[in-house]
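What follows is a set of notes on a single structure, which appears directly below.
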């Protein structure tokens, strides 16, 4: 499929000089997955905004890539070739092999609304996707998909997030409505490692310590594992009355973490999670943080405020400035090493 | 039944068009008197009347064409149907497709119609632009069964129209063959669900169009005779279901999906367009319900079976129709993927009573039960009475939608569902409402947990009720048309104005909603702020009693005991002499026999019958019978001895 001609004219959404003044050329490309003008949009809406994948240019602006598609949630890149990536979208898992210029819906009618897609970093022909009704796996770079759900409950396998252990092929954790499930055989069998009564919204492996994992949930706050996801403890100091949406590690500093929440806004820790502080001063009110991310090159903190804009902070949340993408709903960030190109 | 031969039909339609031009309709019929079903029921007369209605919709669309004003998509489609101005239409197709496209599956089916109707008329450039748009515009597939019906029917037909083309010529990167196979896979899956465990978005007031239009397109244009037959049979199925659940052309009883307008002005819905077109017994909504033109443009390819028409218009006795449907798919926080919905509709000359057993069907727009009465002209009339718990719950929304919890409720008001999170709403189902119906008695019981948002129930009292009388017995009596109604609130209440909604254009496009207080002249809300609660409604025909006072006396004489704590429960003898015991959360008992919902059939009644899992519907009226058998893809008509 070719992109529409209108997308050949890149929509440059940021005019501000957003890269830190001291920065050299970043080592990573930043991709955003999301949409603008989402408030009020439903399937069938008349709206011709450019949506889907955006990439940060060397000037710090964001350019739109490929098709306009307003319901992309997140993407995962082949470490061997970042032009190959997969996107969880309303229509299924989208696959591109040319950097987003052409796409194919890899899944069929029986897969709807995947919530998360992840490439196995040590076996990158294998791709996992979390679905509202389970888990699917592609052994062949998204061409074919099969359900692998043995060990997941017949009811209760709504999967919001799936994350692959970067140290061992086929070792995967899935965040579901009934907790966290682990597989060590490429999803051929699963077992519960943390039961919950509400959905697990995000699961991340520390870039510093592969045994350290953090999960955020709808009703049991943030959960920490020091043994690769086998056992979990609630992180004190992180509120749990309302949903937490995602967790971000700072790849440059093991002390720094950030959490996004509709209710609490942006929470940060600068002591490896021992204490947490709300960093909402300067964010729009209400400070509904849909997603957060930390730039591995600069440590810049990102907060996507739903239907408002992207906000950025170069002092880890003490002050914020508008980072563009007005009226956007950024569903996820992906920092992709440029060196891999 | 197969569609009539195309050539013969084309000749007939052209002849009819010429006739219509000669007797041009100055005003659309929906501004005129209420239509009455024809007395001449010969097949050719009925067919001519059907096509006259269809052509009225096309004529009205064409009459709105103005010189020097670009054609709308509907207008260019009407011109294609009439084989008019192909050059102008081609030019307009090119203009429209030069713009960025949007609308997703609501874009797909109109452009499928343009592609098929224009395949022998449009210029090569226009046809190429249409084909190219299916490469460059990437429509969302959606997240709802009606979305998928539109998406896959359109993709199926376009893949048949452009076979043997590579994946890079289609928006989704799949070849024609792959798209055809995927579309077929979904359509067969959906038809199988509908014909074994029931339709998901059952008896919708508006969304009937989102199913009927795609099925008509399949019946009209599918190259594969099996898919063409399936489209035709599903359309028969939908129309039979509509016919059996209407009274004077107005859809009655529960709906998986309706809206804030149609839930009280029952006629004002796209379903009435189909009653008008098919049965000719109620006015079409204004502008043919918005989407009606998309049915009209291919309607000549469908012939309503006489047995279905008679079910709608020829009622010589009261009847109960019981149907099995299913809830929308539940992704999480539920023990079942799709909950069974056991529907009852009791239809009489003067009124109808309908319900399902309560609980959640669709999270936002379900209507669970009501008593509606017949009126001479349904336009503007709020001919209904019911109560509901105004549930608003992020967790329930998450059950049905794959979203994070907080934004959904916040966003609904701007997504065309303005009432979802307001306390006086009367639209929607609740897990805390359980309902039992026997003929024209409905008992709705509520047990709302502490801490629930909006811990009260709302009863709807129409502006069109007369003789509303609050009796010292606790019953509230009223008259709607020729129906006497008795409403018994089981807990204390107060009267409030019911606020409505007005749709306004929004800054930057789209629309927004503004709440409007209709004041003393408007509908009223019976607001009952008690978590353990209940409503009993009993209806009867005025002709059954000497006077309204006699009806009231009969109701007051009914044996009735109830309790609200610890669990709401009612024991009563109905006006029809049935001893009913119903406790919230327990199986209802009638005359000592427990109701067995597990034995509910897919359809059961004098007109529609199908066993669960059978894929086979028998449609009956008098001596006429049609059997739709999806196992064999056969339609069998019989005249019974």
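No value in this document is a laboratory result; all are computed from the given coordinates. Because the structure is predicted, anything quoted here is derived from the model rather than measured. Every residue, glycine among them, receives a Cβ derived from its backbone with ideal geometry; neighbour counts consider all protein chains shown.
Just a few scattered comments:
- When only alpha carbons of the stretch B:410-546 are considered, Rg and Dmax amount to 17.1, 60 Å.
- Convex hull of alpha carbon positions in the stretch B:293-412: directionally averaged projected area 11.0 nm².
- From the C-alpha gyration tensor of chain B, square roots of 5λ in Å: 42, 27, 24
- Each 5 Å bin, from zero up to the one with the longest distance, holds this percent of the alpha carbon pairs of the stretch A:76-130: 5, 23, 31, 26, 14, 3.
- The distance linking the stretch A:185-213 with the stretch B:42-113 is 54 Å (Cα centroid to Cα centroid, whole angstrom).
- Calculated over the stretch B:292-339: convex hull of Cα atoms, volume per residue (Å³): 168 Å³
- Solvent-free Debye scattering, log10 I(q)/I(0), computed from the Cα coordinates of the stretch B:319-559 at q = 0.11, 0.13, 0.15 Å⁻¹: -0.61, -0.84, -1.10
- 0 to 90° range, to nearest 10: angle between helix B:270-279 axis and chain B longest Cα axis: 70 degrees
- Helical content of chain B, expressed as a calculated mean residue ellipticity at 222 nm, amounts to -10000 deg cm²/dmol (DSSP H runs of 4 or more residues, -39,500 (n - 2.57) each, divided by residue number, nearest 500).
- Three principal axis extents of the stretch B:161-316 based on alpha-carbon atoms, in descending order, are 54, 33, 32 Å.
- Equivalent ellipsoid dimensions for the stretch B:250-347 as semi-axes, Å, which come from the Cα gyration tensor, largest first: 27, 19, 15
- Over all directions, the projected convex hull of the C-alpha atoms in the stretch B:520-597 averages 7.7 nm² in area.
- Restricting the calculation to alpha carbons of the stretch B:59-210 gives Rg and Dmax of 16.5, 52 angstrom.
- Contact order normalised by residue count of the stretch A:75-240, Cα under 8 Å, 6+ apart, percent: 12 percent
- The alpha-carbon atoms of the protein assembly as shown define a convex hull whose volume equals 172 cubic angstrom per residue.
- Label-to-label distance, nm, for residues given as residue B:472 and residue B:637 (7 Å Cα→Cβ offset): 6.3 nm
- Relative to the longest principal axis of the Cα atoms of chain B, helix B:145-161 runs at roughly 20 degrees.
- Kirkwood Rh (inverse of mean 1/r, distinct Cα pairs), the stretch B:533-641, angstrom: 17.7 Å
- Long-range tail of P(r) for the stretch A:153-213 (Cα pairs > 14 Å, %): 52 percent
- Each principal axis of the Cα atoms in chain A has its own extent, and those three values, largest first, are 50, 48, 40 angstrom.
- Fraction of the pair-distance distribution of the stretch A:255-326 above 21 Å, Cα-Cα pairs, percent: 14 percent
- Alpha-carbon centroids, the stretch B:493-553 and the stretch B:190-251: separation in whole Å: 32 Å
- Structure remark: mean-square fluctuation, Gaussian network model of chain A, C-alpha springs under 10 Å; the largest value among A:37, A:201, A:51 belongs to A:37.
- Of all DSSP beta bridges confined to the stretch B:518-638, the antiparallel ones make up roughly 100%.
- Each residue in B:303, B:433 was given a count of other beta-carbon atoms within 10 angstrom of its own, and listing them fewest first yields B:303, B:433.
- Taking the convex hull of Cα positions in the stretch A:14-139, its mean projected area over all directions (nm²): 9.2 nm²
- Separation of alpha-carbon centers, the stretch B:570-588 and the stretch B:390-462, rounded to whole Å: 25 Å
- Three-way shape call for the stretch A:75-240 based on the alpha-carbon gyration tensor, with the a/c threshold at 1.5: prolate
- Angle between chain B longest axis and helix B:225-244 axis [Cα atoms, degrees, rounded to 10]: 30 degrees
- Note on the stretch B:59-148: Cα-Cα pairs beyond 21 Å make up 31% of the total pair count.
- Relative contact order (%) - chain B, alpha-carbon pairs under 8 angstrom, separation at least six: 11 percent
- Computed across the stretch B:166-240, the Kirkwood hydrodynamic radius from all distinct Cα-Cα pairs reaches 13.4 Å.
- Computed Kirkwood radius, in angstrom, where 1/r is averaged over Cα pairs of the stretch A:207-301: 13.4 Å
- P(r) for the stretch B:39-102, from all Cα pairs and a bin width of 10 Å, is 19, 40, 23, 13, 5, 0 %, short bins first.
- Extent of the stretch B:372-446 along its three principal axes (Cα atoms, max minus min coordinate, largest first): 45, 29, 20 Å.
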